[in-house]
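Here the structure is laid out as structure tokens; the discussion comes afterwards.
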Amino acid sequence: MSALAELLAFVLGVGTGWFLAGQRWSPGVAPSVSPHLLPDPALEWLRRAHQALGVWVAEVDPGQGETRAERIVDPDRLTVAQIVAVDRRMERARDQEQSGVERMQGGTLVFRGESGAAVGLLLPVGHDSARMPAVETDLRRLLDGVRRRPHMVEMAQARTQEASLESASSVGLRLAYQLERTLDGQVVVAAYENAYEATHDAEQVAPRVRVIGVSGRGDRRLLHSVLPNDSELARVAIGELDQARVEGDPLGSVVADRRQRPAMVLILPISAGDRTIGATALWLAGGREPAGSVRTEVIESLANAGPRLVTALEADRIRGQTEIDALTGLQNRKGLETAMGRFVGDQGALIFTDLDRFKTLNDTLGHPAGDAALVHFARILREQIRGADIAARVGGEEFAVWLPDTGLELGVKIAERIRIKLGTTEWSWQGRSWPLSASFGVAACPETSRSFEALYGQADAALYVAKRSGRNRVERAGGLRAGGVAGQ
């Protein structure tokens, strides 16, 4: 079944669950719901199912980094002041990742917040307290759906971008979601990327294990991270361990401050024939390993994924020889041009950027430090762009970001977000702290050009203006200055 068909089936199935819940006015909503994937009445049905005064969703937009709010309320039973008070409380719950029950002027607010999103139901005074467990269960499922949305989009994009040939990322994302549905728990999938090279030249090639799939309940920042070879997940992926069962973080703390709660994790290998080419970490509900038909389904899923992952890794390797920058793992100029050439829309933005005073860094700390700084900047680019965007290294210290279906103003916002993140993230080399900054030029079709080919020259010219105007700033093509940047 294609990724698109899976998504349609998911939407229809979840929508049916919401409809039945609304018709019966009974608790219990289908798992993994998301208001962004469902018809407009979905939140209204949830409100009616619990006879609530209103339902709230507050989140940080995963694509644009901006806040987004959605609510369905009974205007006849709430004043504007009461609605605004709940709005503000939900914003705090989102930003501070809070969950709980709180008395408000209009009623009792039940809310859950986690990973940049929060959901809540405002129950009327005198509500039936016996229904509280059902309310909390439905809020948990709604929050899972809200958090899952960017992963669903990225999974579909990963499949679409590769057309008929799967990439390792599309295999990993689909496997992570399949196992999460089976186990109702978080899943992380990792691939032994250079297994073939290591097999033929084991003394010179160090194993490289990369996260290629994270399920909806996982930390999205883990995607594309290279794991320490002594982490439990990496050791199973490269075949040092047949499998593992650990309590805590099996990924070697590859992403700092993940706020991962202690839990039992089962790690199983992904194999093709007699070769281990990856592994998956399964967070176990209640610490119990899957058994019976559930375990059989897990093993079959891993067995089916193994041969597909081998093919995908080989395709990625061949493609990487011509389109991937060896140092940073980003696209190179050819890869960027290929991605832009495949695009069939009529709107897109291009960002050109490079590190400020990079020659001084190289001369002072040495070229290995310069390479490390480039890798650091590449990681920040990956973290700050969206699933469909393409980051590339197009020169020594020069990078580009292609933003399909994106206008000039949003392109400027994304460039500014990257600039701030780089400037506020500490970087050091061999114990010596070194401040990093970058300059940016942004061009977009159709605002600054009628053709995508002209965006290269326009973005490069805007970058030159940013450099000449004091560095560490964002400039639009055409001489229009971007507001709110440093150095003005």
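The values are calculated or read from the model by the stated rules, or taken from the named source; none is laboratory data. In this text, all values refer to a predicted model and were calculated from it rather than measured experimentally. Cβ: placed from backbone, ideal geometry, glycine included. Neighbour counts: every protein chain shown.
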Failed condition for Asn332, given (1) more than 30 Å from Arg245 (Cα to Cα); (2) out of contact with any Lys or Arg (no Cβ under 8 Å at 6 or more places or on another chain): (2)
All positions within segment 114-128 that are touching a strand residue (DSSP E or B) at 6+ places or on another chain (Cβ under 8 Å) and without any contact (Cβ under 8 Å) to a residue 60 or more places away in the chain: Gly116, Val125
Condition (residue is surrounded by fewer than 17 Cβ atoms within 10 Å (Cβ to Cβ), of a type outside the set (Ser, Thr, Tyr) and in contact with an Asp or Glu (Cβ under 9 Å, 6 or more places away or on another chain)) applied to segment 383-393: is it met by at least one residue? no
Would a scan of segment 274-286 turn up a residue that is in contact with a Gly (Cβ under 9 Å, 6 or more places away or on another chain) and more than 22 Å from Leu227 (Cα to Cα)? yes
Tell me which strands (runs of 3 or more DSSP E) are completely within segment 41-144 and hold 1 or more residues being modelled with pLDDT under 85 and either out of contact with any Leu (no Cβ under 9 Å at 6 or more places or on another chain) or aliphatic (A, V, I, L, M) (or both), or say none if there are none. 54-60, 67-73, 117-123
Scan segment 260-288 for residues that are outside any loop (DSSP other than H, G, I, E, B) and touching a residue at least 60 places away in the same chain (Cβ under 8 Å) and jot them down. Ile270, Arg275, Thr276, Ile277, Gly278, Ala279, Thr280, Ala281, Leu282, Trp283, Ala285
For segment 318-329, check the following and say yes or no: at least one residue is closer than 21 Å to Glu453 by Cβ, polar (S, T, N, Q) and assigned to a loop (DSSP other than H, G, I, E, B). no
Within segment 411-462, the count of residues that are in a loop (DSSP other than H, G, I, E, B), more than 30 Å from Leu365 (Cα to Cα) and out of contact with any strand residue (DSSP E or B) (no Cβ under 6 Å at 6 or more places or on another chain) comes to 8
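Any idea which residue in segment 341-353 is nearest to the chain's Cα centre (by Cα), counting only those that are farther than 22 Å from Glu475 by Cα and outside any helix (DSSP H, G or I)?
Phe343
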Would a scan of segment 415-435 turn up a residue that is within 26 Å of the chain's Cα centre (by Cα) and within 23 Å of Thr338 (Cβ to Cβ)? yes
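Residue-wise test of (1) assigned to a helix (DSSP H, G or I); (2) of a type in the set (Gly, Ala, Ser).
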| site | (1), (2) |
| --- | --- |
| Pro290 | no, no |
| Val294 | yes, no |
| Ala303 | yes, yes |
| Ala315 | yes, yes |
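Being outside the structural domain of Asp76 (by TED's automatic domain parsing), crowded, with 18+ Cβ neighbours inside 10 Å and either among the aromatic types (Phe, Trp, Tyr) or at pLDDT below 90 (or both) is the requirement here; does Ala156 meet it?
When the stated conditions are applied, Ala156 passes them.
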Within segment 354-410, the count of residues that are of a type in the set (Asp, Glu), more than 24 Å from the chain's Cα centre (by Cα) and not in a strand (DSSP E or B) comes to 4
Take Thr338 and decide whether it is of a type in the set (Val, Ile, Thr), in a helix (DSSP H, G or I) and surrounded by fewer than 15 Cβ atoms within 10 Å (Cβ to Cβ). no
Flag for Ala315 being surrounded by 15 or more Cβ atoms within 10 Å (Cβ to Cβ) and not assigned by TED's automatic domain parsing to the domain that holds Val171: no
Considering each of Thr353, Thr360 in turn, give the residue that is hydroxyl-bearing (Ser, Thr, Tyr) and in contact with a Ser or Thr (Cβ under 8 Å, 6 or more places away or on another chain). Thr353
Does Arg174 satisfy being assigned to a helix (DSSP H, G or I), modelled with pLDDT of 80 or more, within 21 Å of the chain's Cα centre (by Cα) and within 26 Å of Gly335 (Cα to Cα)? yes
